[in-house]
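One structure below.
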């Protein structure tokens, strides 16, 4: 895994939803689903997974050419993103 940092923008929902940075890092290290959102001008990925408290969380990261991955968004998974997990089970 590349070096991981967190952008200030990712903290907004964490504070509102009582989610820790460690919870977000956990789902990135143990994802149920990773979806590529963009490749250019940088790699952008959506991660979905259960945190240690069994909440379904989502996180979005961007990775620039220097191999540093930055978390730019994190929160409880939206209904739309939870559906992606349900679709994955039926395939």
(message) Taking 8 Å as the Cα distance limit and 6 or more residues as the minimum spacing, I'd like the relative contact order of the chain as a percentage.
(response) 30 percent
(request) Assign one of three labels to the stretch 24-74, namely rounded, prolate or oblate, based on the Cα gyration tensor with a ≥ b ≥ c the square roots of its eigenvalues; rounded applies when a/c is under 1.5, prolate when it is not and a/b is larger than b/c, and oblate otherwise. (result) prolate
(request) For n ≥ 4 DSSP H runs only, could you compute -39500 (n - 2.57) per run for the chain, divide by its residues and tell me the 222 nm figure to the nearest 500? (result) -9000 deg cm²/dmol
(message) Under the rule a/c < 1.5 gives rounded, and otherwise a/b versus b/c splits prolate from oblate, where does the stretch 3-90 land using the Cα gyration tensor?
(response) oblate
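Throughout, read-outs are computed from the coordinates displayed, never taken from laboratory work. The structure displayed is predicted, hence computed values, not measured ones.
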